[in-house]
Amino acid sequence: FIGLFSRSSNCISQAMDPLMISAASGMRSRMESLDLIANNVANSNTAGFKADHEFYSVYQEQDSTLPTVEKHFTDFAQGTMLNTGNSLDLALSGKGFFVVDTPSGPLYTRNGNFRLSPSGDVITQDGQPVRVVRPDGKPAKLDPALPVEIDPKGGIQQSGQTVGNVVVVDPGDNTRLMKAGSTYFKLDGPNPQLVTAPEVHSGSLESANVPVAESAVRLVSVMRQFEMLQKAAALGSDMYRYAVEEVAKVS
C-alpha cells in the first residue's frame, strides 16, 4: 500500500511540477516588468529621465518552459524639448551629458534643471555642483547678482563677458552607463570625451522619453498576465491536492 501510494504520488508530482514551475517563473518575470514599467510611469514628468526596458528569454529546464527577464536596458532616445523660459534650464540635442561633481565622483545626467547658488556655482536642484569651467579649465564662478545668458555651445555670459562654459561629455558607448538614481548615471570604463561643439538649449528642459499612454496600456496588460499566471498556479495546486486525495482513496 505504501509503495503504491508513493509511486502514484511521485507520478502526480512530476506531472504537476512543470505547470507550477512555469507559472512561478512567469509571475517572477512579470513582477520585474511591473517594477520597470511603474518606475517609468512614475518618472514620466522628470526632466532628462531615460526609460528602462526588459529583454525576455525562454529557457528549457527538464519538461518546463521558463520565461525569464534576461537583462534590463536603458533607452537613451531623445526626449522632446519643453520651454521653461529660465536661462539656467538647459537641454541637450543629440549626444552628450552634463557632468555633476559629487563627493563620490562624477555623475552624468540629461536633466538640466539647474540653478545658481549664493556662492556663484551652477548646481542641480539637489545642490550638487555642475561642472562649469573657465577657458583655462579651472572651475568658473558666476556673479549671483547678474543675469545669466547661455549660448547654444554652452558658453555662459554675464554683462557681455564669457565667464565660463558648461561641460558636456560623450561616453561613446551608452551601454557603459549605469543608473545611479532617476536621472544620474555612473560610467563604467574610461573617462568620456569632451564634446567641443554641443547643442545646448537654454530656457528648455528635455522631457522624459516615456510614452505615457503606451506604458499605461502595457502596465495593465502585464498585470492581467500576472493574474492569469496566479490562477494557473492556484489551479495547479488544486489539481495536485485533488489528485493526491483521489489516489489516497483508491489506495
- Distance in nm between Gln158 and Ser93 label points, each 7 Å along Cα→Cβ, equals 2.8 nm
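Which pairs, out of Lys50/Lys141; Lys153/Lys179; Lys141/Lys186; Lys95/Lys179; Lys50/Lys186, put more than 24 Å between their alpha-carbon atoms? Mind dumping the intermediate values first?
On the way: Lys50/Lys141 30 Å; Lys153/Lys179 26 Å; Lys141/Lys186 26 Å; Lys95/Lys179 17 Å; Lys50/Lys186 14 Å.
Cα-Cα > 24 Å for Lys50/Lys141; Lys153/Lys179; Lys141/Lys186; rest within.
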- Item | Dipole in debye (nearest 20) - region 92-141, about Cα centre, beta carbon charges: Lys, Arg +1; Asp, Glu -1 | 160 debye
- Task: Compare the peptides 149-161, 80-92 by average per-residue count of other Cβ atoms within 10 angstrom and give them in order, highest first.
- Result: 80-92, 149-161
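Provide the packing ranking of 165-173, 30-38, i.e. peptides ordered by the mean count of other C-beta atoms within 10 Å per residue, highest first. Don't skip to the end; give the middle numbers.
Details: 165-173: 19.3, 30-38: 17.7.
Answer by packing, highest mean first, reads 165-173, 30-38.
Computed from the coordinates by the stated procedures, all read-outs in this text should not be read as laboratory data. Keep in mind it's a predicted model, so treat the numbers as computed, not measured. Cβ coordinates were reconstructed from backbone atoms using ideal geometry, including for glycine residues, and neighbour counts include every protein chain displayed.
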